[in-house]
Amino acid sequence: MIVKELDRITSSDKRLQAGYKAEQQLAFYLRRAFADNPKVQVINGLRLRRPGDVAQIDHLILHNHGLIIVESKSVTTRVRVNHHGEWSRWSGKQWQGMPSPVLQAQRQADFLRQVLASLRGLKARTDFQKLPIDSLIAISDTGIINRPDNRATPNICKAEQVPDRILSLMQQHSRGEALLGWLKVVFDDSPTTLSDAALTQLAERLVRQHQPKENAPPTQKPSLKKTAVNPTSSTPIAPPKTATHKPTISEKTTTLAKVCSHCQSNRLQIIYGRYGYYFKCGDCDQNTAIKVTCPDCGQRAKLRKQKLDFFINCQHCSAQTPYFTNPAEL
C-alpha cells in the first residue's frame with residue numbers, strides 16, 4: 001500500500017528538479033508493484049527530525065520482517081564503484097568523486113533506529129530496535145553502473161529493478177524467520193516479526209513524524225496557514241484565526257474548475273461507465289466527459305480511484321496529482 005506520496009517541490013534548482021524526477025520515477029514503480037499489497041507499506045519522501053539533526057529518506061518500505069531504505073540517485077550518464085567502495089560519476093568529459101549513497105543509507109538507518117526507539121504508545125510487542133533495516137541504491141534507468149570487478153553489489157540497481165529486489169529481500173527474511181522461529185519463542189519474548197496490524201500502525205506513526213521542508217508543502221497534509229499582504233505595505237500580516245478545516249482533495253486541486261457542462265452546477269460525482277470515468281450532475285442529472293492532462297508535463301493522463309478520492313496518474317513523467325473527491329452523498 002502507498003501510505004505517503006512524494007511532497008511537491010517548488011524549487012527551480014535544476015539539480016533538485018532532477019533528483020525529484022528520479023524519485024517520481026521510482027515512486028511510480030513502487031506504486032505499480034505494491035499499491036494493492038497490504039503487507040507492503042510504502043512511504044515516499046520521509047523527512048525525520050531529531051534535536052539538532054534531520055534525515056531525508058527517499059523511499060521507506062515496511063514489511064512484516066523489517067524495513068528497507070531506498071536511496072534514489074539521478075544518474076543519466078555513468079557511475080562507478082571501486083573495490084574500496086568509493087563512488088564517482090561521469091560529468092562532462094571526466095570522472096568526479098561523489099558521496100557514497102551506500103554510506104548515506106547506512107546513516108539514515110542509524111537515524112531511523114533512534115526514531116523507532118523514541119516512539120511511544122505502540123501496541124505491538126515487536127522490538128523495533130531489532131528489526132532488520134536493509135538498503136537499496138536506485139540509479140536512473142538511463143544511467144550506467146560500472147561495478148567493481150569480482151564483487152557482488154546486489155544493493156545497487158536500476159530503478160526498474162527495485163520492486164524485484166524488495167521482494168527478494170522479503171523472501172530472504174521470511175525464510176530466516178521460519179528457520180529460527182522456534183529459537184525466538186524459547187529465548188526471546190520480543191519478536192522481530194511485525195503483524196499486519198503492527199505494520200500499519202508503525203507506518204502511520206512514521207508518517208506523523210514527517211517534517212516537510214518549508215518550500216515543499218506535503219501533498220497529503222497541506223498547511224492551511226497563509227499570510228495576507230497589506231496593499232499599502234510590503235510587510236505580511238497574519239490572517240484572522242478561523243476554525244480548523246481539513247481540506248478535501250477537491251479543495252487542494254488548483255486545476256480547471258469542475259462544473260457541469262450543461263447547467264454549470266458544481267454538484268458533481270465521478271461515475272465509471274462503459275467508456276471510462278465521467279461526471280454525473282446532481283442538479284440536472286446530465287453527464288460531462290472527463291479529459292485529464294498531467295499538470296507537470298501536459299500529457300494525457302488517467303484517473304486512479306482510491307475510495308472517494310481520485311488522482312491523476314501520468315505514465316509519461318510518473319507524477320500523481322490529487323484531482324477530485326466524490327461527495328459521500330450527492
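The values are calculated or read from the model by the stated rules, or taken from the named source; none is laboratory data. Fair warning: this is a prediction, and the values are worked out from it, not measured in the lab. We place every Cβ from the backbone using ideal geometry, glycine too, and count neighbours over all the protein chains shown. Each accessible area value is taken on the protein alone, full model and side chains, heavy atoms only, with ligands, DNA and RNA left out. Shrake-Rupley method; radii C 1.70, N 1.55, O 1.52, S 1.80 Å.
Do you know which residues across the stretch 256-274 are over 15 Å from R304 (Cα atoms) and of a type in the set (S, T, Y)? S261, S265, listed by residue number.
Checked against (1) open to solvent by 70 Å² or more (accessible area, probe 1.4 Å); (2) polar (S, T, N, Q); (3) touching a residue at least 24 places away in the same chain (Cβ under 8 Å); (4) more than 28 Å from T200 (Cβ to Cβ), Q114 meets all criteria but (4). Considering the conditions (1) more than 16 Å from the chain's Cα centre (by Cα); (2) closer than 17 Å to I133 by Cα, T77 is excluded by exactly one of them, (2). Tell me yes or no: at least one residue of the stretch 131-142 is at pLDDT below 90, within 24 Å of L199 (Cβ to Cβ) and open to solvent by 50 Å² or more (accessible area, probe 1.4 Å). No; the residues of the stretch 131-142 include none that is at pLDDT below 90, within 24 Å of L199 (Cβ to Cβ) and open to solvent by 50 Å² or more (accessible area, probe 1.4 Å). Return yes when L206 is open to solvent by 60 Å² or more (accessible area, probe 1.4 Å), closer than 17 Å to I43 by Cα, at pLDDT 90 or above and among the aliphatic types (A, V, I, L, M) and no when it is not. No. Against the test of being part of a helix (DSSP H, G or I) and of a type in the set (S, T, N, Q), the options Q96, Q108 yield a single qualifying residue, Q108.
If you check V102 against the conditions, is it open to solvent by 20 Å² or more (accessible area, probe 1.4 Å), in contact with an Asp or Glu (Cβ under 9 Å, 6 or more places away or on another chain) and modelled with pLDDT of 90 or more? When the stated conditions are applied, V102 passes them.
Considering the conditions (1) of a type in the set (K, R); (2) in contact (Cβ under 8 Å) with a residue 24 or more places away in the chain; (3) open to solvent by 40 Å² or more (accessible area, probe 1.4 Å), R31 is excluded by exactly one of them, (3). Look at (1) more than 16 Å from the chain's Cα centre (by Cα); (2) within 26 Å of N146 (Cα to Cα); (3) in a strand (DSSP E or B) and you find that R49 fails only one, number (2).
Of all residues in the stretch 293-307, those that are closer than 16 Å to N326 by Cα and open to solvent by less than 80 Å² (accessible area, probe 1.4 Å) total 2. Restricting attention to the stretch 63-93 and to residues that are assigned to a loop (DSSP other than H, G, I, E, B) and among the small types (G, A, S), the residue that is surrounded by the fewest Cβ atoms within 10 Å (Cβ to Cβ) turns out to be G92. Residue count for the stretch 269-292 under the criterion of being among the aliphatic types (A, V, I, L, M) and surrounded by fewer than 12 Cβ atoms within 10 Å (Cβ to Cβ): the result is 1.
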